[in-house]
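Peer 1: Take this structure first; my questions come after.
Derivation of every value follows stated rules applied to the coordinates shown; laboratory data play no part. Quick caveat: nothing in here was measured; it's all calculated off a predicted structure. Here Cβ is always computed from backbone atoms with ideal geometry, including for glycine, and neighbour counts include all displayed protein chains.
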Amino acid sequence: MDKPKIIKSELFQVLSIKSFQLLWSSQVITQTAYNMLLFILGVIIYQKTRSNAQVSLFYLTVGIPAFVFGIISGIYVDKFNKRSILLLSTFIRIILLILIVIFRHQLLIVFILSGLVSIVGQFFVPAEAALIPRLVKQELLLSANSLFTLTFYSAVIGGFVFAGPLLRQFGTTPVLIFLAFLYLLSTVLLYFLPKNLGTTNTANKSFPLSEMKQDVLSAISFIKKVIPVKQAMLLMMMSQAVISIFLTLAPGMADQLLKIEVTDASILIMGPAALGMIVGALIIGNLGSRFRKRSLIQLGIYASGLILIFLSSVIYFKNYEVVSDLFELIFYNKISQAILIITSLCFFILGFANSLIDISCNTILQQYSTDGNRGRIYGVLQSLISGLSLLPVIISGLLADVIGINKIIFVLGLCLTVFGLFASGFFKKLMKENNQSI
């Protein structure tokens, strides 16, 4: 009698691929190190200046290089061995982290080195994303991207949640040395990827200006022509802009609204958001193929907007006696503790909603792009995300010091909700006219 066939879940099928395991593990470690670095430097700057605008300036230092070098990195990824690019980018960041340790008391140099870390990271992301479709079958792409989203936001938890306590317990230098060790471990894992993985067939690997310009224009032309890709990129830019804004406002939100230690912002604000993203990634990885990606995206937009409006309203009305009495009755806690609980729950939902958008859009990009242009597509995406997120980061940081963080949260929620209402009909019409759908 034949043995019954064991049916593995889609997630386990993806995880059974050894090369995917190595790339996946490397992503966890690298993103953990990077998120810890961002949070630690952001906290240090806020503690020294008590200014949201100064924290915005720091994220500009990271964001501007990403905007400038994003497209260029995508061109290199399409022309060179992607394994080599991954290895080189992690090794260079080890050196940069050592330099940050040496010059840690000179903020200007730290800002410059942080910008260089960002530049090098631009080559890692498109190379990594371009390899995923080479490692898994198309029918498993949604699950593969769910795992990468799961680990990406697990790294947010590992980075943001533990960065504050580690910084407080051990100080700046030991933590930065630990981050350099994490990058070294990532480099070792990447070394064991197959050497011919991601090798291009392009014979000409020179980079005359005219050729680079043509590569960029071809990528932009492809994005304009393929409507689902254009939509996915627009939505991912919006999603990442929201994340960037809250990374900027997190220290001030902890200090001014929640009245907690700035280092605890990682646990009580960004931690729940990252946990929500992980839960969303797990659910989509196992059940997401049963739903239209467009429906998941729309649900994510609406949920994000409405939960931010709700959170802002709760914080605004907390000083009203009726509201404070109600919260204390429901949560059996003082109003300040009740607000902490509500805030954490709201950020959990916000993270869950973000995962619906991010995973679905990544899958769309990979399904509609090819091995020959996928790196360039992700390079353009990185540049657009970095460039377009700079403006809301600047504005949110400056306005938070002027009108208050809570009003920024309300306006952001209102904008997302309105965007969801108008975008739904617009996208349907656009796809119908071009006979394309997602």
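Peer 1: Using the number of other C-beta atoms within 10 angstrom as an exposure proxy, rank Met238, Met277 with the fewest first.
Peer 2: Working: Met238 21, Met277 28.
Ordered by Cβ neighbours within 10 Å, fewest first: Met238, Met277.
Peer 1: Report the full-extension gain for the segment Thr173 to Asn81: residue separation times 0.36 nm, less the Cα-Cα distance, to one decimal in nm.
Peer 2: 29.7 nm
Peer 1: Taking θ as phi - 60°, what are the ³J(HN,Hα) couplings along region 38-44 by the Karplus curve (6.51, -1.76, 1.60), each to the nearest whole Hz, with x for Gly and Pro?
Peer 2: 4, 5, 4, 5, x, 5, 4
Peer 1: Got a sec? How would Tyr378, Tyr316, Tyr76 order by Cβ neighbour count within 10 Å, fewest to most? Write down the numbers at each step before the final one.
Peer 2: Values: Tyr378 29, Tyr316 15, Tyr76 22.
Result, fewest neighbours first: Tyr316, Tyr76, Tyr378.
Peer 1: Any idea how far apart Lys18 and Phe422 come out in nm if each label point goes 7 Å out from Cα toward Cβ?
Peer 2: Once both label points are built, they end up 5.3 nm from each other.
Peer 1: Right, here's the next one. What is the gain in length, in nm to one decimal, between Phe91 and Gln106 on full extension, counting 0.36 nm per residue of separation less the C-alpha to C-alpha distance? Let's see the in-between values first.
Peer 2: Numbers: separation 15, 0.36 × 15 = 5.40 nm, distance 2.35 nm.
Gain in length upon complete extension: 3.1 nm.
Peer 1: Of Asp401, Asp255, how do they rank once you tally other Cβ atoms within 10 Å and put the fewest first? Intermediate results must be reported in sequence, preceding the final value.
Peer 2: Values: Asp401 16, Asp255 19.
So the ranking, lowest neighbour count to highest, is Asp401, Asp255.
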